[in-house]
Amino acid sequence: MGDEHTIEIRLGVYATDETAAGLAAACGRVLVARGVEYRVSVLGAGEPTDGGGGTLGAFHEDLVEQWRLTHPGADPGARAVWEIRVALGPVPDGVEEVRTELVRVICPDPGHRSPCEVPWASYTTGAAG
């Protein structure tokens, strides 16, 4: 999997390290089932963003605020910002379909009425070559 030809799906989450690791493993299981070549990594809040304009914690600070708004006065415990990065090889069904499937790992029911248990965000970087 050459990095210059890799699409990367990034999933920001506000969760414990155990939950972030479990979500990353679940993403891997989805991709194995699809037969997609992939690499998964989990980066912490202190890691720099690709653009060098700050940390992942600052980039995803809205996830922390979302949790605070939906859990007023609650102790966040060991939650922190994490970014699960999923680098993909060729994806025959399309990257957007895969991204949607990976998001369902974090939020299985997109139509639920309450806030997600784990605040999240997703985006895609790179270009197919």
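The values are calculated or read from the model by the stated rules, or taken from the named source; none is laboratory data. Keep in mind it's a predicted model, so treat the numbers as computed, not measured. Calculation scope for accessible area: heavy atoms of the full protein, side chains included, ligands and nucleic acids excluded. Shrake-Rupley method; radii C 1.70, N 1.55, O 1.52, S 1.80 Å.
Considering Cα pairs under 8 angstrom that are at least six residues apart, work out the relative contact order of the chain and quote it in whole percent.
Answer for the chain is 48 percent.
To the nearest Å, what is the center-to-center distance of segment 65-81 and segment 8-29, using C-alpha atoms only?
18 Å
Just from its helices, what would the mean residue ellipticity at 222 nm be for the chain, if runs of 4 or more DSSP H residues each count -39500 (n - 2.57) and the sum is divided by every residue, rounded to the nearest 500 deg cm²/dmol?
-10500 deg cm²/dmol
Using θ = phi - 60° and the Karplus curve 6.51 cos²θ - 1.76 cosθ + 1.60, what whole-Hz ³J(HN,Hα) does each residue of segment 30-47 get, with Gly and Pro shown as x?
Computed from phi, the couplings for segment 30-47 are 4, 6, 4, 4, 7, x, 9, 6, 8, 9, 10, 9, 10, 10, x, 4, x, 5 Hz.
Stretched out fully, how many nm does the piece from L69 to S41 gain, at 0.36 nm a residue minus the Cα gap?
7.2 nm
Decide, for segment 34-129, between rounded, prolate and oblate: order the square roots of the alpha carbon gyration tensor eigenvalues as a ≥ b ≥ c, take rounded if a/c falls under 1.5, and otherwise choose prolate if a/b is larger than b/c, else oblate.
Oblate, because a/c is 1.5 or more while a/b does not exceed b/c.
Whose amide H sits under 5 Å from the amide H of T6, counting only residues 5 or more places off or on another chain, with H placed in the peptide plane?
A127
Per residue, how much accessible area does the chain show when a 1.4 Å probe rolls over the protein heavy atoms, in square angstrom?
Heavy-atom accessible area per residue stands at 54 Å².
Ignoring any ligand, DNA or RNA, what whole percent of the accessible area of segment 1-53 comes from carbon and sulfur when the probe is 1.4 angstrom?
Of the solvent-accessible surface of segment 1-53, carbon and sulfur hold 49 percent.
Got a sec? What order do E83, E8 fall in by accessible area at 1.4 Å, biggest, i.e. largest, first?
E8, E83
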